[in-house]
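The values are calculated or read from the model by the stated rules, or taken from the named source; none is laboratory data. This is a predicted model, so every value here is computed, not measured. Cβ coordinates were reconstructed from backbone atoms using ideal geometry, including for glycine residues, and neighbour counts include every protein chain displayed.
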Amino acid sequence: MKVGLKHMAATLVFILGFSISLNLYLYFEGYYKKAQPEIQTLMGDSSDVFQVNKSMFPMELETTVGNIRVPVGGVINVFVPQYVNCPDICHIETMIMLYVMNKSLEEGWADRVVWITVEVDPWNTTEEGVREYMEGVAGPLLDKGVTWIWVLDRGAGLTKLWGQLGIMSQKDSETGLVGHTAGFYIVDENGFIMYYIKPKTTAIGNAWEKPRDVAEGLYKILRHLALEEHS
């Protein structure tokens, strides 16, 4: 527990301290069009929402819940690029996830969403470290019915998953830090990539400094998909 919370607290200190975590966020700019206005409005001014409109092909991958077929069918999948020893953004992503997880439990639609962390540091991350981190930051939520899966697969399986989602990851040989795509990929019940949500990072503002705003927007979109579109 202490390890996970320590990482989360460190986020507040190092949020802008390591530019390497910010150098690959623009991958989707100019490639996918912006989402329809009603979806972008749900996200507010904190993030850009790109409409991907691309089907994933199912893959059998090793995860923290065993070997499973990804994306998980019949539920909304939220894919999140992360690694345990990240100095900044990954832990902000976790804080955003925890906010939405709590809201989904309170409102009774947690079973409609599966959270899937896509490992971006396969060179150093260990299964033990992953499980300790997940339990430390989200143990009570997982016990209450939230589903959070971390992909443990290495090699070809992980590389193919990166390719399907458009995730890039690069390790700095001097610092050991990993520059990677960040944000949230929303995939529907049929394995169709609907949206990529990228918190804004500009010269005059950084949405990662306001995780509550990003979390509230993500909550609204997922609630809309989980409840309103299936009522």
Return the pairs, sorted by first residue and then second, in which the second residue is basic (Lys, Arg), the first residue lies in region 110-127 and is without any contact (Cβ under 8 Å) to a residue 12 or more places away in the chain, the beta carbons are less than 7 Å apart, and the residues are 6+ apart or on different chains.
none
Evaluate the following for ASP143: is it under 17 Å from the mean Cα position of the chain (by Cα) and acidic (Asp, Glu)?
no
Working only within region 45-76, note down all residues that are polar (S, T, N, Q) and at pLDDT 95 or above.
SER55, THR63, THR64, ASN67
I need the full set of residues from region 62-75 which are touching a residue at least 40 places away in the same chain (Cβ under 8 Å) and either of a type in the set (S, T, N, Q) or surrounded by 22 or more Cβ atoms within 10 Å (Cβ to Cβ) (or both), in order please.
THR63, THR64, VAL70, PRO71
Among the residues in region 35-57, are any more than 20 Å from ALA207 (Cβ to Cβ) and within 15 Å of the chain's Cα centre (by Cα)?
no
With ALA182, ALA138 as the choices, which residue is hydrophobic (A, V, I, L, M, F, W, C), within 21 Å of SER104 (Cβ to Cβ), buried (at least 19 other Cβ atoms within 10 Å of the Cβ) and modelled with pLDDT of 90 or more?
ALA138
Heads up, the strands (runs of 3 or more DSSP E) in region 105-210 (entirely inside) with at least 2 residues that are in contact with a Lys or Arg (Cβ under 9 Å, 6 or more places away or on another chain) are 178-180, 192-199
Checking TRP123 against (1) crowded, with 22+ Cβ neighbours inside 10 Å; (2) farther than 16 Å from VAL65 by Cα, only one condition comes out false. Which one?
(1)
